[in-house]
Amino acid sequence: MPSPKNGESQSDFISRCMSSNESQNSFPDTKQRSAFCNSQWKNKGKSSGETFVYKDPKTRELYHYDRRGVYKKEGRILVFVRKTEGDSMKPKPHWTPGARDFIKDADTFLQENKADEDAGYPPNCKLGYVEKDGRCVPAEESAEWSYEDNQKNEKD
């Protein structure tokens, strides 16, 4: 990942960092990449210690913390993605793709079960939810939501 060079101006570094292939791959969202690059500039000259990267499972936004822990955003538990050391953005060798898939699948399962509690179970979907493909989904996500569905939910 890009880091400021001696004598490099802030605007030159930010420009180089934003256009770097590595930072574009790690942070496809321009706002996230900008935050990362500005953080790199702000922390220039400091020891390049460990950074722990977490992802919001719903928005897929990445968050960086100095310590490993349990973090929440808007009531959702963030999912640990990787630990970075200095310039290396690669995961530690003990993290195999199979282990990542297992953790991702487990997190998805937990999120879906929590969603079922909030939405209800077909055919008794809670207000604001409709039945679709055997599940209760938010009315906004369903093209089948109509005034009649709303009336049905209010009667239940």
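Since every read-out is calculated from the coordinates, none of them should be taken as a lab result. Keep in mind the model is a prediction, meaning the values are calculated, not measured. Methodologically, a virtual Cβ is constructed for each residue, glycine included, from the backbone with ideal geometry; neighbour enumeration extends over all protein chains shown.
Efficiency by 1/(1 + (r/R0)^6): what FRET value for D12 and K83, r their Cβ-Cβ distance, R0 = 25 Å, to the nearest 0.05?
0.30
Set the Förster radius R0 to 35 Å, insert the Cβ-Cβ distance between K44 and D107 as r into 1/(1 + (r/R0)^6), and round the FRET efficiency to 0.05.
Approximately 0.50, to the nearest 0.05.
Taking amide H positions as placed in the peptide plane 1.01 Å from N, state which residues far from R82 in sequence (5 or more) or on other chains have amide H under 5 Å from it.
Placed amide hydrogens put V53 under 5 Å from R82.
When the Kirkwood hydrodynamic radius is evaluated over all pairs of different C-alpha atoms of the range 1-46, what value in angstrom, to one decimal, is obtained?
10.4
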